[in-house]
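Asks: Handing you this structure, nothing more for now.
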Amino acid sequence: MEQRIGSSSQPLEGAGFDPAFIPGLTAPGSGEPEDVKPADAGREEPEPEPEQAPEPAEAAEESQEAQEEPSADGPVFEAADRRARIVADHRGVRLALDDQECEFRWDEIGAVETETPRFGKRFTVTVHTPERRWYYLEIEAASRSRFAEWETALDAVLDAYFEDAGDAEGEADDKEAAAAS
């Protein structure tokens, strides 16, 4: 019978001991020694000329033009506190929290839900998408009396824009059914 002296356990392998164990965690090695220079190091390639960036004044004008769209004469809902902001208008619904923002066009929205707590001053707006995802944002109101004001303003926007998209689809379906008959 043969006996070994020392530990019978195998050395541990894994990310705890070797970060290169996980692919993509560290840059792959080139397989060449670091002190060897590449063969084409002696040749100099002409540097590409940098493109001229627009002047700051021109860039500011372009960004303003891009953000300015023909405004629709319709209701707009806007609510904000020190961290969060909700805007609903002819373009869709935009949610912003600190430096994070997301925008939903009306054709991307499946439903918009509001919630007011029994106690407290946080107004919650949840945007549901057709892919069964939802995004919510809480706005802190100065007083609970703002909840009713916000509800009516958001309902007016939803009635004006959200229902129009659904009615247009319904009308198109009605026209297709009539044409098929």
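Asks: Taking interchain pairs and intrachain pairs at least six residues apart, which have beta carbon atoms under 8 angstrom, with the first residue in the stretch 74-97 and modelled with pLDDT of 95 or more and in a strand (DSSP E or B) and the second surrounded by 16 or more Cβ atoms within 10 Å (Cβ to Cβ) and of a type in the set (S, T, N, Q)?
Replies: Filtered contacts from the stretch 74-97: no entries.
Asks: Being modelled with pLDDT under 60, open to solvent by 80 Å² or more (accessible area, probe 1.4 Å) and not small (Gly, Ala, Ser) is true for just one of 52, 100. Which residue is that?
Replies: Only one candidate passes the filter, namely 52.
Asks: Could we say that residue 150 is exposed (fewer than 15 other Cβ atoms within 10 Å of the Cβ), under 27 Å from the mean Cα position of the chain (by Cα) and not hydroxyl-bearing (Ser, Thr, Tyr) here?
Replies: So residue 150 fails the test.
Asks: Which residue is surrounded by the most Cβ atoms within 10 Å (Cβ to Cβ), if the candidates are limited to the stretch 115-147 and must be of a type in the set (A, V, I, L, M) and part of a loop (DSSP other than H, G, I, E, B)?
Replies: 141
The values are calculated or read from the model by the stated rules, or taken from the named source; none is laboratory data. Being a predicted model, the structure only gives us computed values, none of them experimental. So basically every Cβ, Gly included, is an ideal-geometry build from the backbone, and we count neighbours across all protein chains shown. For the accessible areas, the whole protein counts, side chains as well, though only heavy atoms, and no ligand, DNA or RNA atoms are used. Shrake-Rupley method; radii C 1.70, N 1.55, O 1.52, S 1.80 Å.
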